[in-house]
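What follows is a set of notes on a single structure, which appears directly below.
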Amino acid sequence: AKHLRLRAAVVDIAALERSALEPKAKRQETLWGPIKLRSAAEEIAKRDVQVLLQSEIRQELSKRGAPLVGKPWELKARLAEIWQAEEDQEDASGGLSGPLFASAAVPSFARKAAGPSDDQRDAAADRVKAIRDKYADKMRLRTGSGLPHQSDAAGKDAAVHCAIAGAAAKAVSPTGWRFRSGARELCQYLDVRGIRRILLDDSSATVEEAADRAAELTRQFQLEAWCHVLSPADAAKLYAGDPAALEAAGDAVGLPLSSILLLSAEPRAVAAARAARMPSCYFARDVPGYPKAVPADAVARNMNDVRTAVEDFCGVTFRDATTHISTRYGI
């Protein structure tokens with residue numbers, strides 16, 4: 001970053017977020033029919049060891065108390081022998097047979113090893129389900145993907161679920177952002193290149209609300225915090241075409257305007273950047289009434305175009321598109 005031209009970038013939230021007026025992405029029609037999910041219960045009911053997975057074979061052997069030591073083909077033969085003994089027992093008793101271990105036709109290895117009882121299996125299954133529910137609730141709360149899963153396990157504390165659901169709703173509802181594909185990666189890219197990020201958001205009414213929205217954006221992207229957030233008054237001036245807001249942002253970060261890039265989807269903000277003689281990149285949104293291009297140093301239609309514009313300003317990096325860089329930001 002010794003000869004880096006851009007030291008900071010004013011990023012408009014409208015460039016990162018998809019507008020409700022933009023058309024939805026077209027889904028590519030597949031040439032195959034719906035995928036049929038495999039059901040383990042149906043495959044086991046067929047009693048064909050050749051189509052069962054090794055985990056299912058071991059599970060069936062464990063239910064019957066049979067040893068699990070052996071090669072895969074030995075386990076298949078062992079389970080087939082047990083199933084054949086069960087069928088013989090049902091035929092001999094007219095279909096009203098008891099447990100497998102009550103029959104003399106059961107192989108000796110199946111009678112020697114007594115498996116866990118039904119209560120022990122249920123208790124183990126409840127413990128595993130509780131751990132999985134707890135992990136799922138934590139991940140849903142962390143990613144903000146929705147309300148936590150409501151478990152039906154006995155003894156589950158409903159108050160804990162209500163508290164987690166309230167926290168998740170509080171974390172998600174104030175924003176409702178719909179980010180474009182590659183928005184987080186663009187911010188990561190700026191961080192890796194040593195370009196500080198300045199947030200431009202005109203939807204906030206107060207300075208505190210703007211700071212809260214910036215913190216929420218940082219939490220959702222899981223990146224470093226924004227180095228500066230434009231106040232609602234400065235954001236309104238910039239959207240009106242007043243370059244004084246950009247000068248205030250430059251003074252706040254201690255950088256000249258010639259080393260700060262403005263990425264905005266508002267034509268008047270781009271015009272203000274050109275009036276202030278600072279680099280500008282216009283993000284062309286597919287929204288009725290907005291121009292497809294305006295006088296700017298670069299015009300972008302997706303996040304990759306923005307990265308290309310940064311490369312044009314600062315020069316290409318030492319890597320190509322297939323090189324993997326490991327940093328503290330996770331790239």
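The values are calculated or read from the model by the stated rules, or taken from the named source; none is laboratory data. Note that this is a predicted model, so its numbers are computed, not measured. Reconstructed Cβ throughout: ideal geometry from the backbone, glycine too, with neighbour counts over all protein chains shown. Areas reflect the complete protein model, heavy atoms only, side chains present, ligands, DNA and RNA absent. Shrake-Rupley method; radii C 1.70, N 1.55, O 1.52, S 1.80 Å.
Okay, here's what the table says:
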quantity: Ala211 vs. criteria in a helix (DSSP H, G or I) and modelled with pLDDT of 75 or more; calculated: yes
quantity: Identity of the residue in the range 235-246, surrounded by fewer than 17 Cβ atoms within 10 Å (Cβ to Cβ) and in contact with a helix residue (DSSP H, G or I) (Cβ under 7 Å, 6 or more places away or on another chain), that ends up farthest from Ile195 (Cα to Cα); calculated: Ala240
quantity: Qualifying residues in the range 278-291 (those that are over 31 Å from the mean Cα position of the chain (by Cα) and farther than 19 Å from Leu16 by Cβ) - the one most open to solvent (accessible area, probe 1.4 Å); calculated: Gly289
quantity: The range 247-277: number of residues that are within 33 Å of the chain's Cα centre (by Cα) and either over 24 Å from Arg196 (Cβ atoms) or of a type in the set (D, E, K, R) (or both); calculated: 2
quantity: Any hit, the range 227-249, residues being part of a helix (DSSP H, G or I), among the polar types (S, T, N, Q) and modelled with pLDDT of 90 or more; calculated: no
quantity: Residue match in the range 294-304 (condition: touching a strand residue (DSSP E or B) at 6+ places or on another chain (Cβ under 9 Å), closer than 16 Å to Ala9 by Cα, charged (D, E, K, R) and open to solvent by 30 Å² or more (accessible area, probe 1.4 Å)); calculated: yes
quantity: Residues being part of a loop (DSSP other than H, G, I, E, B) and open to solvent by less than 10 Å² (accessible area, probe 1.4 Å) - total across the range 250-277; calculated: 1
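Per-residue answers, yes or no, for (1) in contact with a Cys (Cβ under 9 Å, 6 or more places away or on another chain); (2) surrounded by fewer than 19 Cβ atoms within 10 Å (Cβ to Cβ):
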| position | (1), (2) |
| --- | --- |
| Arg193 | yes, yes |
| Asp201 | no, no |
| Thr206 | no, yes |
| Glu209 | no, yes |
| Ala215 | no, yes |
| Gln220 | no, yes |
| Ala225 | no, yes |
| Val229 | no, no |
| Ala233 | no, yes |
